[in-house]
Amino acid sequence: MTSTRRTHRLALRGNELLHNPRWNKGTAFTIEERKEFGLRGRLPSRANTLDEQCGRAYAQFQSRGDAIHKNTFLHSLKEQNWVLYYGLIARNLKEMTPIIYTPTQGDAIAQYSHLFRRSEGLFLHFPDKDKMEEDYLEQTKGRTIDLVVVTDSEAILGIGDQGVGISTAKSAIYTLLGGVNPSNTLAVVLDVGTDNQDLLNDKLYVGWPHKRVRGKEYDEFVDKFVQLVRKHHPHCLLHFEDFGVSNAQALLERYNDTHAVFNDDIQGTGAVTLAALMTAVGVTKSTLADQRIVVYGAGSAGLGITRQIRDAMVQADGLSVEEANKRFYLLDRFGLIKSSLPSDQIRPAAHDFVRPAEEWDGVPQNNKGETGLLDVVKTVRPTVLIGCSTQAGAFTKDVITTMKEGAERPIIFSLSNPSRLVEVDPKDANDWTGGMALLATGSPFPPAKMPNGKKDYIIAECNNALIYPGLGYGALLCKSRRMTDKMIIAGAQRLASLAPALKDPDDALLPDFDVAPHVNFEIAVAVAEQAFDEGIADVSWGKEETRKKAEEGLWRPVYEEYKFDKDGVDW
Ligand SMILES: NC(=O)c1ccc[n+]([C@@H]2O[C@H](COP(=O)([O-])OP(=O)(O)OC[C@H]3O[C@@H](n4cnc5c(N)ncnc54)[C@H](O)[C@@H]3O)[C@@H](O)[C@H]2O)c1
Ligand SMILES: O=C(O)C[C@H](O)C(=O)O
Ligand SMILES: [Mn+2]
């Protein structure tokens, strides 16, 4: 339904208004507005409601045969009219989120240069580093910026170095699921080159065709950008997405104390996985501390998840850090991370979790001394197996059935994206465990059939989009200058408290994506309240008003009324 909430004073008229996606209403401009803004002759006669427009756009969407064409259709809708774009997707959340986000957006990013029509957001090119402030201000002057989503595109989902991409999709999810005003967000690509030879060979590649800049020059470039954000938008949340693993961790540590920075792959993934695990241990009537956890793929996500769960064991179950560390067995491309590996094969963030080599005497290893997943599973008998390795099919039938021998209800999360990279298809994991596994995946999967006529098992979508929009909205709502570990845990706890499996152990471990806006709202309230408790909220209102303020601050895709004003908004 078209509803009018506020009146905006706009200095834009005619084509300028029709071509501005923030303000354009297309056929939904009222007859009055058409007169006032010089649109009468520029539009066909009949005025539509937003619902009517959504109906038409939905039919057009459906006529696009495959997911990537649906993705480009929605993308061009976003270039035309934000209210219609978000309004349409909000009305069809389950169907359309996988199109504008994971898994389809992964393919769209891989084909970015070929699908390219129009740019969006801010591109900061390494060769123009001396003009960075000028370029930044050109895009942001006169605007309120609450949120900056930045990528250097080195580790896009599980598909690696893509040169440019991802920040616009993550930013759209903040609006769609978090209610963040899209005009107050800025999606940034730091184009520091690419090591993807296919892109470098591609004449149509739109990024800077150069090997990735690394080391001191890279650090200085990123630092220059972060300092610009701090200088011009000191209160905004700075969200890092899909940086390469060593930069991701280092950047988070470098800026965490001085600005509200957030690494989605490390912290967002850690938080959503913690929530799913809290629910799963509720189903098995055990505690986090009772688990033996194998993490397969110790990169940004794997290490972020490990540390998040470790910290929760310490906080919730009273373990010492050392005791909690011992609950984990991490594997990376050189097999189990154990003390006999050369030091350059163990990332600094993994140091707490290195297994003593002696513990593995007598366990089979290859001629390089590496211990593989199956032997780890046979030895450890894990209760929890988490995959974030980008290795499709790595959780073989042997691995899963061996795990099942030692755990009545094995907890198996295959989190690699997009769908084709999943470590085990949840349908197989379900079949191989006789329907006993507690399952979650990073991309959406259909429910699994259960034996003995039991109802289908809904596979929880353990994707950071179920929590990061709420974490972010909570932080920016109370203008917190930091995103603390406790704020993140508060968000994860709130998410877990909304899980269907809490009421019915045969139900999903996480809430469904069709209620993701509600879920993220609840997370935002919990996060902002926690910021108040820590004394780092920086607003004139108090903790008790959080829910009301969160409600008032939500951006919704509805048309509002416009009046012409030559001194009004002109962008
Ligand atoms: N579900 C989610 O919300 C979510 C969030 C973040 C990342 N992910 C997914 O997790 C995967 C990893 O993402 P990331 O950001 O951590 O990337 P990353 O590159 O930081 O980590 C991947 C790790 O897997 C390791 N690896 C590669 N081959 C391996 C093998 N054969 N055995 C064991 N380990 C191996 C790599 O060495 C690396 O350390 C991606 O597919 C990504 O889409 C999912
Ligand atoms: O983008 C996603 O779907 C989740 C995650 O951030 C990823 O890198 O896979
Ligand atoms: Mn990511």
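Readers should treat all values here as calculations from the given coordinates under stated rules, not as data from a laboratory. These figures come from a predicted structure and were not determined experimentally. Positions of Cβ are generated from backbone atoms using ideal geometry, with glycine treated the same way; all protein chains shown enter the neighbour counts.
Tabulated data
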{"read-out": "Charge dipole magnitude, Cβ of K and R +1, D and E -1 - the range 104-259, Cα centre, debye nearest 20", "value": "300 debye"}
{"read-out": "Dimensionless Rg over Rh [the range 7-100; C-alpha; Kirkwood]", "value": "1.01"}
{"read-out": "About the Cα centre, charge dipole magnitude for the range 1-133 (Lys/Arg +1, Asp/Glu -1 at Cβ), debye", "value": "480 debye"}
{"read-out": "Mean-position separation - Cα centroids, the range 31-52 and the range 475-493, in angstrom", "value": "43 Å"}
{"read-out": "Inter-part distance where the range 498-563 and the range 87-117 are each reduced to a Cα centre, Å", "value": "24 Å"}
{"read-out": "Chain lengthening between D361 and E138 when straightened (0.36 nm per residue, less Cα-Cα)", "value": "74.1 nm"}
{"read-out": "Unit charges on C-beta of K, R, D, E only; dipole of the chain, Debye", "value": "1400 debye"}
{"read-out": "Distance violations [Cα-Cα > 19 Å] among K404/K427; K70/K203; K427/K503; K455/K503; K427/K455; K326/K368", "value": "K70/K203; K427/K503; K326/K368"}
{"read-out": "Kyte-Doolittle mean at least 0.5, axial Cα span of 27 Å or more - DSSP H helices of the chain", "value": "none"}
{"read-out": "Fewest-first sequence of V148, V226, V569 by Cβ atoms within 10 Å of each Cβ", "value": "V569, V226, V148"}
{"read-out": "Semi-axis lengths, Å, the chain, gyration tensor of Cα atoms, sqrt of 5 times eigenvalues", "value": "41, 26, 23"}
{"read-out": "Options T104, G297, A357, ranked by Cα towards positive dipole end of the chain, top entry (Cβ charges)", "value": "T104"}
{"read-out": "At R0 = 56 Å, FRET efficiency that the Cβ-Cβ distance of R46 and D398 yields, to 0.05", "value": "0.30"}
{"read-out": "Under 5 Å, built H, 5+ apart or other chain: amide partners of G299", "value": "none"}
{"read-out": "Added length on full extension, which subtracts the Cα-Cα distance from 0.36 nm per residue, H8 to V321", "value": "107.3 nm"}
{"read-out": "Cα-Cα P(r), the range 278-333, percent of pairs per 10 Å interval", "value": "25, 53, 21, 1"}
{"read-out": "Footprinting exposure proxy for I309, I458 (fewest neighbouring C-beta atoms within 10 Å first)", "value": "I458, I309"}
{"read-out": "Restricting the range 101-162 to trypsin sites (Lys or Arg not before Pro) in coil, as DSSP defines it, with at most 10 other Cβ within 10 Å", "value": "R117, R118, K141"}
{"read-out": "Where a label projected 7 Å from the Cα of K543 along Cα→Cβ would reach, residues of the range 455-481 with amide N under 20 Å", "value": "471-481"}
{"read-out": "Sorted by Cβ neighbour density within 10 Å, fewest at the top, the residues F445, F116, F73", "value": "F116, F73, F445"}
{"read-out": "Options L88, L147, A407, ranked by Cα towards positive dipole end of the chain, top entry (Cβ charges)", "value": "L88"}
{"read-out": "Gain upon complete extension [Q60, D344; 0.36 nm per residue less C-alpha separation]", "value": "97.0 nm"}
{"read-out": "Pairwise FRET efficiency - L204 versus D130, Cβ, R0 = 22 Å, nearest 0.05", "value": "0.20"}
